[in-house]
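What follows is one structure encoded as structure tokens, with my remarks underneath.
The values are calculated or read from the model by the stated rules, or taken from the named source; none is laboratory data. Computed from a predicted structure; not experimentally measured. Cβ placement follows ideal geometry from the backbone for every residue including glycine, while neighbour counts extend to all protein chains displayed.
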Amino acid sequence: MQFIFWVLLALLFHSYIGYALVMYIIGLFRKQQTIIHTNINCNKVSIIIPAYNEVLVIEQKIKNLLLLNSNQLQIEIIFITDGSTDNSINIINNYPQIKLLHQPIRQGKAVAINRAVQNATHSIIIITDANTLINKDALLYMLPHFNNKNIGGVSGEKRIMAKGAVGISESLYWQYESFMKKTESSIHSVIAGAGELFAFRKELYKPLQENLLIDDFMLSASILQQGYRIVYEEKAIATEPPSTSLLQEANRKVRIGAGAAQAMKILGFFPYKNSALNFQYQTRRVIRWIIGPIALPALLIFNYFIFHQTQSSLFYYFLYIQIVFYCMAALGFLLQLLRINLKLLTIPFYFVFMNMCMLAGIIKYSVVGQSVNWRKAQRQEISHS
């Protein structure tokens with residue numbers, strides 16, 4: 001039991017802290033490649049926006065895209081609204097320069113993306129969410145990376161508007177994720193592009209399985225399996241509003257947990273020929289998504305029984321630290337319900353919340369499955385401010 005305890009603790013430490021330190025130190029000794037952003041050879045781009053019942057944000061998204069700095073670029077904008085029953089289709093039709101794909105049946109995001117890519121006419125594809133706003137120079141920062149023939153994809157930076165207790169919690173987490181993506185990209189490649197803003201070569205696109213739950217990760221995996229790199233561009237920013245409530249955020253993360261279980265089932269443990277990518281995948285996905293959520297309650301249970309068997313002062317302190325940590329998380333949860341944010345308690349709360357939602361998603365997928373036509377999480381209104 002003690003052996004299992006130490007292994008689980010080591011894996012958790014490695015996934016969240018040890019790996020970050022190692023990658024950061026390696027990055028310090030790697031020579032950074034200078035990208036000349038004025039030299040854009042791949043200047044034909046199709047922007048795809050899957051939009052199911054997005055009437056509340058669709059016009060603002062259209063205006064945001066039309067204001068993008070398109071110097072030297074040929075841009076095709078494609079909205080795909082399969083299954084939508086609101087007024088978003090009529091709004092899109094008010095803009096003749098935008099291409100609309102629509103069919104009355106909703107078959108899931110992966111099917112919609114497959115059809116949109118098939119209808120795209122340009123060599124570079126960008127997929128972005130309907131409820132995100134992109135900074136006006138994003139394309140000018142992303143596209144020059146494709147001058148390097150080894151680059152198959154470019155991920156933008158996802159930012160969460162730090163509005164309210166839920167927004168601040170999610171924003172802190174994504175600041176950590178952005179740091180990790182930047183570090184990984186400086187060394188070799190990120191393991192997954194951000195679905196909110198992701199560019200890739202159309203020639204590398206392989207149709208997604210129709211039942212996929214997390215299309216952005218599996219699309220990234222496909223590009224990496226073909227021997228290409230995915231780089232991170234921190235100056236291309238997709239800003240997204242937070243969920244309207246803790247319940248909405250929980251539903252979203254449970255779905256991500258189900259998608260993680262599905263992805264692990266499809267990819268296995270060694271999906272790449274590159275050993276460094278497999279190391280990243282096992283650390284950032286297998287341990288973070290699958291082992292971590294199981295390890296948290298397991299560590300507490302094992303710690304309790306080991307202490308009662310051995311009366312070890314070391315395990316007493318470990319048990320005490322865990323109890324204090326979970327009490328802080330519980331207090332953070334209560335403050336979230338009251339819409340009060342205290343960063344000291346936000347971090348332990350969100351860490352536990354995120355992992356428990358992932359665990360619930362894994363169990364849900366394993367027991368009853370998860371439909372590709374999930375109910376969208378409600379998000380706060382987006383704004384330019």
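Overview of results
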| quantity | calculated |
| --- | --- |
| Options Phe179, Phe200: the member that is out of contact with any Lys or Arg (no Cβ under 8 Å at 6 or more places or on another chain) and closer than 15 Å to Ile127 by Cα | Phe200 |
| Hits in region 313-341 - residues which are more than 30 Å from Ala261 (Cβ to Cβ), polar (S, T, N, Q) and surrounded by 15 or more Cβ atoms within 10 Å (Cβ to Cβ) | Asn341 |
| Selection from region 336-346 of residues that are in a helix (DSSP H, G or I) and among the aliphatic types (A, V, I, L, M) | Leu337, Leu344, Leu345 |
| Filter result (in contact with a helix residue (DSSP H, G or I) (Cβ under 7 Å, 6 or more places away or on another chain), at pLDDT 95 or above and not in a helix (DSSP H, G or I)) within region 213-233 | Gln226, Tyr228, Ile230, Val231, Tyr232, Glu233 |
| Verdict on Phe333 being over 30 Å from Leu65 (Cβ atoms), over 19 Å from the mean Cα position of the chain (by Cα) and either part of a helix (DSSP H, G or I) or not polar (S, T, N, Q) (or both) | yes |
| Residue identified as touching a Ser or Thr at 6+ places or on another chain (Cβ under 7 Å), assigned to a helix (DSSP H, G or I), closer than 25 Å to Leu133 by Cα and not small (Gly, Ala, Ser) among Ile89, Ile49 | Ile89 |
| Selection within region 60-81 - in a helix (DSSP H, G or I) and closer than 16 Å to Met142 by Cβ | Asn64, Leu65 |
| Criterion: of a type in the set (A, V, I, L, M), in contact with a Pro (Cβ under 6 Å, 6 or more places away or on another chain) and at pLDDT 90 or above - qualifying residue of Ala51, Ala112 | Ala112 |
| Residue that is farthest from Ser189 (Cα to Cα), among those in region 267-312 that are basic (Lys, Arg) and surrounded by 18 or more Cβ atoms within 10 Å (Cβ to Cβ) | Arg288 |
| Of all residues in region 91-142 being among the hydrophobic types (A, V, I, L, M, F, W, C) and out of contact with any strand residue (DSSP E or B) (no Cβ under 9 Å at 6 or more places or on another chain), the one that is nearest to Phe198 (Cα to Cα) | Ala110 |
| Selection status of Ala238, at negative phi, in a helix (DSSP H, G or I), crowded, with 20+ Cβ neighbours inside 10 Å and of a type in the set (A, V, I, L, M) | no |
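Residue-wise test of (1) free of Cβ contacts under 8 Å to residues at least 60 places away in the same chain; (2) crowded, with 17+ Cβ neighbours inside 10 Å; (3) β-branched (Val, Ile, Thr); (4) out of contact with any Lys or Arg (no Cβ under 6 Å at 6 or more places or on another chain).
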position	(1), (2), (3), (4)
Arg30	no, no, no, yes
Lys61	no, yes, no, yes
Ser70	no, no, no, yes
Ile78	yes, yes, yes, no
Ile89	yes, no, yes, yes
Thr121	no, no, yes, yes
